[in-house]
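The values are calculated or read from the model by the stated rules, or taken from the named source; none is laboratory data. The shown structure was predicted, so the numbers you read here are calculated from the model rather than taken from an experiment. Quick reminder, even Gly has a Cβ in these numbers, built from the backbone with ideal geometry, and neighbours come from all protein chains shown.
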Amino acid sequence: MRVRIIPRAASFEAGSVTKVVTGLLLALAIDAREVSGADRLDRFLPGTGPAGGATLAELATHTSGLPRLPAGALLRALAHSSDPYRGTSLRRLIRDTRWTHRGPPGEAAYSNLGVALLGHGLAAAAARPYWDLARARVLAPLGMASSGNLPASILPVPAAAWHLGAFAPADGLRATVADLLRLAWVAARPGESPFPAAAADALTPHAVMGDGHVGWCWQLTPQSGGPVAWHNGATGSGWAFIGATSSCALAACVPSRRQPSWDDIARQALAPDGNEDAWSATREAIVPASSARWRRAVTVAFGLGGITISAWGPRLPGIKADLGIGTGTIGPDPAARISVVASIGYFANLAGPPAIGALAQSAGLLSALWLLVALFLAAFAAAGVLRPRPAARPTGETAGQVGERPAR
(Lines give C-alpha, C1' and ligand atoms only; values in the text may rest on other atoms or scores of the structure.)
Protein backbone atom coordinates (compact mmCIF):
# COMPACT_ATOMS: atom_id res chain seq x y z
CA MET A 1 0.00 0.00 0.00
CA ARG A 2 1.30 3.43 -0.97
CA VAL A 3 1.62 5.62 2.12
CA ARG A 4 1.97 9.35 2.14
CA ILE A 5 3.61 11.20 5.04
CA ILE A 6 1.92 14.36 6.22
CA PRO A 7 4.51 17.09 6.92
CA ARG A 8 4.87 18.46 10.42
CA ALA A 9 3.59 21.89 9.37
CA ALA A 10 0.82 20.69 7.06
CA SER A 11 -1.98 23.10 6.19
CA PHE A 12 -5.64 22.17 5.91
CA GLU A 13 -8.83 23.70 4.58
CA ALA A 14 -10.65 25.13 7.58
CA GLY A 15 -13.98 25.56 5.77
CA SER A 16 -16.59 27.35 7.86
CA VAL A 17 -14.11 27.91 10.71
CA THR A 18 -13.29 30.94 8.53
CA LYS A 19 -16.52 32.52 9.75
CA VAL A 20 -15.09 33.26 13.19
CA VAL A 21 -12.31 35.29 11.54
CA THR A 22 -15.01 37.32 9.77
CA GLY A 23 -16.88 37.65 13.06
CA LEU A 24 -13.76 39.02 14.73
CA LEU A 25 -13.33 41.48 11.85
CA LEU A 26 -16.84 42.78 12.50
CA ALA A 27 -16.12 43.19 16.21
CA LEU A 28 -12.86 45.03 15.44
CA ALA A 29 -14.59 47.34 12.95
CA ILE A 30 -17.31 48.13 15.49
CA ASP A 31 -14.68 48.77 18.19
CA ALA A 32 -12.86 51.16 15.81
CA ARG A 33 -16.20 52.89 15.01
CA GLU A 34 -15.64 52.04 11.36
CA VAL A 35 -19.07 50.39 11.16
CA SER A 36 -22.06 49.72 13.39
CA GLY A 37 -23.91 46.45 13.78
CA ALA A 38 -27.05 48.34 12.72
CA ASP A 39 -25.52 49.43 9.39
CA ARG A 40 -27.25 48.02 6.33
CA LEU A 41 -25.29 45.89 3.90
CA ASP A 42 -26.13 48.11 0.92
CA ARG A 43 -24.26 50.97 2.55
CA PHE A 44 -21.09 49.07 1.60
CA LEU A 45 -22.26 46.75 -1.19
CA PRO A 46 -24.81 48.55 -3.38
CA GLY A 47 -26.79 46.55 -5.90
CA THR A 48 -27.54 43.62 -3.60
CA GLY A 49 -31.31 43.97 -3.89
CA PRO A 50 -33.52 42.99 -0.93
CA ALA A 51 -30.49 41.43 0.80
CA GLY A 52 -28.99 44.91 1.04
CA GLY A 53 -31.52 45.72 3.74
CA ALA A 54 -29.96 43.20 6.12
CA THR A 55 -27.83 44.67 8.89
CA LEU A 56 -24.27 43.59 9.58
CA ALA A 57 -25.42 42.20 12.93
CA GLU A 58 -28.07 40.07 11.22
CA LEU A 59 -25.51 38.73 8.75
CA ALA A 60 -23.11 37.80 11.57
CA THR A 61 -25.82 36.00 13.57
CA HIS A 62 -27.50 34.20 10.64
CA THR A 63 -30.74 36.09 11.35
CA SER A 64 -30.88 38.08 8.10
CA GLY A 65 -33.52 35.90 6.42
CA LEU A 66 -31.09 35.01 3.62
CA PRO A 67 -30.83 31.38 2.43
CA ARG A 68 -27.72 29.28 2.85
CA LEU A 69 -26.75 29.94 -0.77
CA PRO A 70 -28.30 31.92 -3.64
CA ALA A 71 -30.10 29.89 -6.30
CA GLY A 72 -27.47 30.62 -8.95
CA ALA A 73 -24.67 29.35 -6.72
CA LEU A 74 -26.69 26.23 -5.88
CA LEU A 75 -27.12 25.35 -9.54
CA ARG A 76 -23.42 25.84 -10.22
CA ALA A 77 -22.58 23.76 -7.14
CA LEU A 78 -24.68 20.88 -8.46
CA ALA A 79 -22.98 21.13 -11.84
CA HIS A 80 -19.48 21.14 -10.29
CA SER A 81 -19.95 19.18 -7.08
CA SER A 82 -16.24 18.40 -6.64
CA ASP A 83 -15.42 22.14 -6.58
CA PRO A 84 -18.80 23.80 -5.99
CA TYR A 85 -17.78 27.44 -5.55
CA ARG A 86 -15.26 27.76 -8.35
CA GLY A 87 -15.57 30.78 -10.59
CA THR A 88 -17.65 32.77 -8.09
CA SER A 89 -16.41 36.34 -8.44
CA LEU A 90 -17.65 39.19 -6.25
CA ARG A 91 -19.52 40.63 -9.23
CA ARG A 92 -21.30 37.31 -9.78
CA LEU A 93 -22.05 36.97 -6.07
CA ILE A 94 -23.67 40.41 -5.99
CA ARG A 95 -25.66 39.61 -9.13
CA ASP A 96 -26.89 36.33 -7.63
CA THR A 97 -27.72 38.11 -4.37
CA ARG A 98 -29.76 40.76 -6.16
CA TRP A 99 -32.25 38.10 -7.25
CA THR A 100 -32.25 36.14 -4.00
CA HIS A 101 -35.43 36.04 -1.96
CA ARG A 102 -34.95 37.34 1.56
CA GLY A 103 -37.26 35.92 4.19
CA PRO A 104 -38.32 37.73 7.35
CA PRO A 105 -35.35 38.50 9.61
CA GLY A 106 -35.15 37.43 13.22
CA GLU A 107 -34.98 33.64 13.33
CA ALA A 108 -31.49 32.14 12.99
CA ALA A 109 -30.93 30.07 9.84
CA TYR A 110 -27.35 29.24 8.86
CA SER A 111 -26.25 31.20 5.79
CA ASN A 112 -22.94 30.95 3.96
CA LEU A 113 -24.22 33.71 1.69
CA GLY A 114 -24.81 36.06 4.63
CA VAL A 115 -21.30 35.70 6.07
CA ALA A 116 -19.67 35.99 2.63
CA LEU A 117 -21.54 39.28 2.08
CA LEU A 118 -20.57 40.42 5.58
CA GLY A 119 -16.88 39.85 4.85
CA HIS A 120 -17.01 41.79 1.59
CA GLY A 121 -18.99 44.57 3.26
CA LEU A 122 -16.31 44.91 5.94
CA ALA A 123 -13.59 44.88 3.28
CA ALA A 124 -15.40 47.65 1.40
CA ALA A 125 -15.74 49.68 4.59
CA ALA A 126 -11.99 49.41 5.17
CA ALA A 127 -11.20 49.95 1.45
CA ARG A 128 -8.98 46.84 1.28
CA PRO A 129 -9.33 43.31 -0.08
CA TYR A 130 -10.77 40.78 2.38
CA TRP A 131 -7.60 38.73 2.86
CA ASP A 132 -5.44 41.84 3.36
CA LEU A 133 -7.90 42.93 6.03
CA ALA A 134 -7.98 39.51 7.69
CA ARG A 135 -4.18 39.24 7.76
CA ALA A 136 -3.65 42.74 9.12
CA ARG A 137 -6.32 42.69 11.84
CA VAL A 138 -6.70 39.05 12.93
CA LEU A 139 -4.18 36.56 11.52
CA ALA A 140 -0.98 38.56 12.02
CA PRO A 141 -1.81 39.82 15.55
CA LEU A 142 -2.57 36.22 16.59
CA GLY A 143 0.70 34.94 15.09
CA MET A 144 -1.14 32.88 12.46
CA ALA A 145 1.70 33.24 9.98
CA SER A 146 0.85 30.02 8.12
CA SER A 147 -2.77 30.90 7.44
CA GLY A 148 -4.77 32.73 4.81
CA ASN A 149 -5.65 32.20 1.17
CA LEU A 150 -2.84 29.69 0.70
CA PRO A 151 -2.37 27.72 -2.56
CA ALA A 152 -4.09 24.34 -2.85
CA SER A 153 -0.75 22.68 -3.61
CA ILE A 154 0.26 22.79 0.07
CA LEU A 155 -2.74 20.71 1.21
CA PRO A 156 -2.47 16.98 2.00
CA VAL A 157 -5.10 16.29 -0.68
CA PRO A 158 -4.72 19.15 -3.19
CA ALA A 159 -6.86 17.48 -5.87
CA ALA A 160 -9.90 17.69 -3.58
CA ALA A 161 -9.46 21.37 -2.66
CA TRP A 162 -12.27 23.85 -3.11
CA HIS A 163 -11.67 27.23 -4.75
CA LEU A 164 -14.01 29.49 -2.80
CA GLY A 165 -13.74 32.71 -4.79
CA ALA A 166 -16.14 35.31 -3.39
CA PHE A 167 -17.29 32.89 -0.68
CA ALA A 168 -13.84 33.10 0.94
CA PRO A 169 -15.05 35.15 3.98
CA ALA A 170 -17.35 32.25 4.85
CA ASP A 171 -15.21 29.21 4.00
CA GLY A 172 -11.84 30.07 2.46
CA LEU A 173 -9.28 29.89 5.28
CA ARG A 174 -6.40 27.43 4.95
CA ALA A 175 -4.25 27.00 8.05
CA THR A 176 -2.04 24.75 10.11
CA VAL A 177 -3.60 23.16 13.16
CA ALA A 178 -1.21 25.13 15.37
CA ASP A 179 -2.57 28.37 13.91
CA LEU A 180 -6.14 27.19 14.38
CA LEU A 181 -5.36 26.57 18.05
CA ARG A 182 -4.29 30.21 18.35
CA LEU A 183 -7.68 31.18 16.95
CA ALA A 184 -9.45 28.86 19.39
CA TRP A 185 -7.47 30.32 22.29
CA VAL A 186 -9.10 33.71 21.65
CA ALA A 187 -12.35 32.12 22.87
CA ALA A 188 -10.66 30.61 25.93
CA ARG A 189 -8.82 33.78 26.97
CA PRO A 190 -10.39 36.78 25.17
CA GLY A 191 -8.88 39.16 27.69
CA GLU A 192 -5.37 37.92 26.86
CA SER A 193 -5.85 38.26 23.09
CA PRO A 194 -4.39 41.18 21.10
CA PHE A 195 -7.92 42.66 20.88
CA PRO A 196 -9.69 41.94 24.20
CA ALA A 197 -12.71 44.23 23.73
CA ALA A 198 -13.43 42.97 20.20
CA ALA A 199 -12.94 39.34 21.24
CA ALA A 200 -15.38 39.74 24.14
CA ASP A 201 -17.92 41.34 21.80
CA ALA A 202 -17.57 38.56 19.21
CA LEU A 203 -18.13 35.94 21.92
CA THR A 204 -21.15 37.66 23.49
CA PRO A 205 -24.47 35.91 22.70
CA HIS A 206 -26.24 38.13 20.18
CA ALA A 207 -29.03 35.80 19.02
CA VAL A 208 -30.63 32.46 19.82
CA MET A 209 -29.59 29.65 17.49
CA GLY A 210 -30.70 26.05 17.95
CA ASP A 211 -30.13 24.90 21.51
CA GLY A 212 -27.69 27.70 22.19
CA HIS A 213 -26.69 31.12 20.95
CA VAL A 214 -24.53 32.72 18.33
CA GLY A 215 -22.09 35.58 18.82
CA TRP A 216 -20.51 37.32 15.85
CA CYS A 217 -20.38 34.01 13.91
CA TRP A 218 -19.15 31.99 16.93
CA GLN A 219 -21.45 29.10 17.94
CA LEU A 220 -22.10 29.19 21.71
CA THR A 221 -23.40 25.94 23.20
CA PRO A 222 -24.45 25.75 26.88
CA GLN A 223 -22.60 23.27 29.05
CA SER A 224 -22.14 22.72 32.76
CA GLY A 225 -19.34 24.99 33.86
CA GLY A 226 -19.91 27.54 31.10
CA PRO A 227 -20.61 27.71 27.38
CA VAL A 228 -18.46 26.17 24.67
CA ALA A 229 -17.50 28.57 21.89
CA TRP A 230 -16.83 26.63 18.71
CA HIS A 231 -17.13 26.31 14.97
CA ASN A 232 -16.63 23.47 12.55
CA GLY A 233 -15.91 23.32 8.83
CA ALA A 234 -16.05 20.73 6.05
CA THR A 235 -14.84 21.01 2.46
CA GLY A 236 -13.85 18.63 -0.31
CA SER A 237 -10.48 17.97 1.27
CA GLY A 238 -11.36 17.52 4.92
CA TRP A 239 -12.88 18.55 8.23
CA ALA A 240 -11.79 21.13 10.79
CA PHE A 241 -12.93 22.11 14.27
CA ILE A 242 -12.00 24.71 16.85
CA GLY A 243 -13.55 25.09 20.28
CA ALA A 244 -12.83 26.49 23.70
CA THR A 245 -14.07 26.92 27.22
CA SER A 246 -12.61 29.22 29.86
CA SER A 247 -10.05 26.54 30.79
CA CYS A 248 -9.03 24.86 27.54
CA ALA A 249 -9.01 25.10 23.77
CA LEU A 250 -8.95 22.53 21.02
CA ALA A 251 -8.29 22.47 17.29
CA ALA A 252 -8.56 19.43 15.04
CA CYS A 253 -8.19 18.73 11.33
CA VAL A 254 -8.74 15.53 9.35
CA PRO A 255 -7.94 15.40 5.59
CA SER A 256 -10.88 13.12 4.87
CA ARG A 257 -14.64 13.23 4.49
CA ARG A 258 -16.38 14.52 7.62
CA GLN A 259 -18.12 12.05 9.89
CA PRO A 260 -21.22 13.50 11.63
CA SER A 261 -20.13 12.31 15.07
CA TRP A 262 -16.80 14.16 15.06
CA ASP A 263 -18.24 17.55 16.00
CA ASP A 264 -20.05 16.15 19.04
CA ILE A 265 -16.99 14.19 20.13
CA ALA A 266 -14.76 17.24 19.82
CA ARG A 267 -17.17 19.31 21.94
CA GLN A 268 -17.25 16.52 24.53
CA ALA A 269 -13.47 16.80 24.77
CA LEU A 270 -14.01 20.30 26.12
CA ALA A 271 -16.30 19.14 28.94
CA PRO A 272 -15.21 20.30 32.44
CA ASP A 273 -13.75 17.82 34.93
CA GLY A 274 -13.06 15.25 32.28
CA ASN A 275 -10.84 16.69 29.61
CA GLU A 276 -8.41 13.79 29.47
CA ASP A 277 -11.15 11.15 29.42
CA ALA A 278 -13.02 13.00 26.70
CA TRP A 279 -9.77 13.48 24.81
CA SER A 280 -9.16 9.74 24.88
CA ALA A 281 -12.66 9.17 23.47
CA THR A 282 -11.98 11.72 20.74
CA ARG A 283 -8.75 9.99 19.85
CA GLU A 284 -10.40 6.59 19.59
CA ALA A 285 -13.41 7.80 17.62
CA ILE A 286 -11.56 9.86 15.05
CA VAL A 287 -8.51 7.65 14.64
CA PRO A 288 -9.12 4.02 15.64
CA ALA A 289 -5.48 2.96 15.37
CA SER A 290 -6.36 -0.75 15.50
CA SER A 291 -8.12 -0.62 12.12
CA ALA A 292 -5.87 -0.50 9.06
CA ARG A 293 -8.66 0.62 6.78
CA TRP A 294 -9.07 3.76 8.88
CA ARG A 295 -5.56 4.95 8.10
CA ARG A 296 -6.04 8.66 7.79
CA ALA A 297 -4.08 11.57 9.15
CA VAL A 298 -5.52 13.56 11.97
CA THR A 299 -3.92 16.52 13.66
CA VAL A 300 -5.22 17.60 17.00
CA ALA A 301 -3.89 20.36 19.20
CA PHE A 302 -5.06 20.63 22.78
CA GLY A 303 -4.47 23.50 25.19
CA LEU A 304 -4.87 22.91 28.89
CA GLY A 305 -4.04 25.43 31.59
CA GLY A 306 -2.07 27.57 29.17
CA ILE A 307 0.07 24.66 27.92
CA THR A 308 -0.36 23.60 24.31
CA ILE A 309 -0.15 19.84 23.77
CA SER A 310 -0.16 18.55 20.20
CA ALA A 311 -0.49 15.02 18.90
CA TRP A 312 -0.76 13.39 15.49
CA GLY A 313 -2.48 10.11 14.50
CA PRO A 314 -3.12 7.42 13.66
CA ARG A 315 -0.68 5.98 16.21
CA LEU A 316 -1.19 8.56 18.94
CA PRO A 317 0.78 8.30 22.19
CA GLY A 318 -0.64 9.25 25.56
CA ILE A 319 -1.95 12.78 25.82
CA LYS A 320 1.08 14.15 27.66
CA ALA A 321 3.74 11.89 26.14
CA ASP A 322 4.36 13.85 22.96
CA LEU A 323 4.67 17.63 23.10
CA GLY A 324 5.44 17.92 19.39
CA ILE A 325 3.57 17.09 16.23
CA GLY A 326 4.73 13.79 14.75
CA THR A 327 3.77 12.20 11.46
CA GLY A 328 0.81 10.24 10.23
CA THR A 329 -0.22 8.44 7.09
CA ILE A 330 -2.91 8.57 4.52
CA GLY A 331 -3.25 6.31 1.53
CA PRO A 332 -3.29 4.49 -0.76
CA ASP A 333 -4.90 7.16 -2.97
CA PRO A 334 -5.94 10.17 -0.90
CA ALA A 335 -7.74 12.05 -3.66
CA ALA A 336 -9.81 9.04 -4.66
CA ARG A 337 -11.05 8.61 -1.11
CA ILE A 338 -12.78 11.98 -1.08
CA SER A 339 -16.14 10.89 -2.32
CA VAL A 340 -17.72 12.86 -5.14
CA VAL A 341 -20.98 11.18 -4.27
CA ALA A 342 -20.85 12.68 -0.78
CA SER A 343 -20.36 16.15 -2.24
CA ILE A 344 -23.29 15.67 -4.62
CA GLY A 345 -25.50 14.49 -1.77
CA TYR A 346 -24.44 17.39 0.44
CA PHE A 347 -25.27 20.03 -2.14
CA ALA A 348 -28.45 18.29 -3.21
CA ASN A 349 -29.50 18.55 0.44
CA LEU A 350 -28.72 22.28 0.34
CA ALA A 351 -30.20 22.95 -3.08
CA GLY A 352 -33.33 20.80 -2.99
CA PRO A 353 -35.68 22.63 -0.60
CA PRO A 354 -35.02 26.21 -1.84
CA ALA A 355 -35.04 25.11 -5.51
CA ILE A 356 -38.35 23.30 -5.15
CA GLY A 357 -39.81 26.23 -3.21
CA ALA A 358 -38.75 28.71 -5.89
CA LEU A 359 -40.17 26.50 -8.64
CA ALA A 360 -43.44 26.04 -6.74
CA GLN A 361 -43.76 29.80 -6.36
CA SER A 362 -43.16 30.49 -10.04
CA ALA A 363 -44.69 27.45 -11.78
CA GLY A 364 -46.95 25.91 -9.15
CA LEU A 365 -46.59 23.13 -6.61
CA LEU A 366 -47.80 20.39 -8.98
CA SER A 367 -45.11 21.25 -11.53
CA ALA A 368 -42.46 21.13 -8.80
CA LEU A 369 -43.65 17.68 -7.71
CA TRP A 370 -43.64 16.39 -11.30
CA LEU A 371 -40.07 17.63 -11.64
CA LEU A 372 -39.13 15.59 -8.56
CA VAL A 373 -40.70 12.49 -10.10
CA ALA A 374 -38.76 13.05 -13.33
CA LEU A 375 -35.48 13.49 -11.44
CA PHE A 376 -36.05 10.30 -9.45
CA LEU A 377 -36.78 8.33 -12.65
CA ALA A 378 -33.65 9.78 -14.29
CA ALA A 379 -31.56 8.81 -11.26
CA PHE A 380 -32.98 5.28 -11.24
CA ALA A 381 -32.28 4.91 -14.95
CA ALA A 382 -28.72 6.19 -14.60
CA ALA A 383 -28.05 3.81 -11.72
CA GLY A 384 -29.40 0.83 -13.62
CA VAL A 385 -32.22 0.21 -11.17
CA LEU A 386 -34.79 -0.02 -13.96
CA ARG A 387 -32.82 -2.52 -16.04
CA PRO A 388 -33.97 -6.15 -16.01
CA ARG A 389 -31.88 -8.43 -13.81
CA PRO A 390 -29.62 -10.87 -15.71
CA ALA A 391 -30.64 -14.50 -15.73
CA ALA A 392 -29.05 -16.70 -13.09
CA ARG A 393 -26.02 -18.71 -14.24
CA PRO A 394 -26.04 -22.51 -14.18
CA THR A 395 -24.87 -23.97 -10.91
CA GLY A 396 -21.85 -25.72 -12.39
CA GLU A 397 -20.59 -22.58 -14.10
CA THR A 398 -20.96 -20.56 -10.91
CA ALA A 399 -19.06 -23.15 -8.92
CA GLY A 400 -16.26 -23.12 -11.43
CA GLN A 401 -16.01 -19.33 -11.30
CA VAL A 402 -15.54 -19.26 -7.56
CA GLY A 403 -12.84 -21.90 -7.63
CA GLU A 404 -14.81 -24.98 -6.67
CA ARG A 405 -14.44 -28.23 -8.58
CA PRO A 406 -17.62 -29.10 -10.52
CA ALA A 407 -19.22 -32.39 -9.54
CA ARG A 408 -18.42 -35.27 -11.86
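Looking at segment 201-233 only, could you name the residues that are within 26 Å of ALA109 (Cβ to Cβ) and of a type in the set (Gly, Ala, Ser)?
ALA202, ALA207, GLY210, GLY212, GLY215, ALA229, GLY233 - these are the residues of segment 201-233 that are within 26 Å of ALA109 (Cβ to Cβ) and of a type in the set (Gly, Ala, Ser).
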Out of LEU122, LEU150, LEU118, LEU180, I need the residue that is of a type in the set (A, V, I, L, M, F, W, C), more than 30 Å from PRO50 (Cα to Cα), touching a residue at least 60 places away in the same chain (Cβ under 8 Å) and not in a loop (DSSP other than H, G, I, E, B). Which one?
LEU180
From the option list THR204, THR235, single residue qualifying as within 23 Å of LEU142 (Cβ to Cβ) and buried (at least 24 other Cβ atoms within 10 Å of the Cβ) is THR235
Within segment 218-267, tally of residues that are over 20 Å from ASP83 (Cα atoms), touching a residue at least 12 places away in the same chain (Cβ under 8 Å) and not in a strand (DSSP E or B):
15
So which residues in segment 103-124 are over 23 Å from the mean Cα position of the chain (by Cα) and either closer than 23 Å to HIS231 by Cβ or not aliphatic (A, V, I, L, M) (or both), if there are any at all?
GLY103, PRO104, PRO105, GLY106
Of (1) within 23 Å of MET209 (Cβ to Cβ); (2) touching a helix residue (DSSP H, G or I) at 6+ places or on another chain (Cβ under 9 Å), PRO104 satisfies all except one. Which?
(2)
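Among the listed residues ARG128, ARG92, which satisfies the condition of being in contact (Cβ under 8 Å) with a residue 40 or more places away in the chain and more than 20 Å from the chain's Cα centre (by Cα)? If you could, list the steps in order and put the result at the bottom.
Working: ARG128 fails: in contact (Cβ under 8 Å) with a residue 40 or more places away in the chain.
That would be ARG92, the only listed residue that is in contact (Cβ under 8 Å) with a residue 40 or more places away in the chain and more than 20 Å from the chain's Cα centre (by Cα).
Collect the residues in segment 72-107 that are assigned to a loop (DSSP other than H, G, I, E, B) and among the hydroxyl-bearing types (Ser, Thr, Tyr), keeping them in residue-number order.
Here is the first cut: in segment 72-107, the residues assigned to a loop (DSSP other than H, G, I, E, B) are 80-89, 99-107.
SER81, SER82, TYR85, THR88, SER89, THR100, listed by residue number.
Does ASP42 fit the bill of being free of Cβ contacts under 8 Å to residues at least 24 places away in the same chain, surrounded by fewer than 22 Cβ atoms within 10 Å (Cβ to Cβ) and either in a helix (DSSP H, G or I) or outside the structural domain of LEU150 (by TED's automatic domain parsing) (or both)? Can you show your working first?
Numbers: free of Cβ contacts under 8 Å to residues at least 24 places away in the same chain: yes; surrounded by fewer than 22 Cβ atoms within 10 Å (Cβ to Cβ): yes; either in a helix (DSSP H, G or I) or outside the structural domain of LEU150 (by TED's automatic domain parsing) (or both): yes.
Yes: the conditions hold for ASP42.
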Could you tell me whether LEU75 is surrounded by fewer than 20 Cβ atoms within 10 Å (Cβ to Cβ), touching a helix residue (DSSP H, G or I) at 6+ places or on another chain (Cβ under 6 Å) and not assigned by TED's automatic domain parsing to the domain that holds THR204?
no
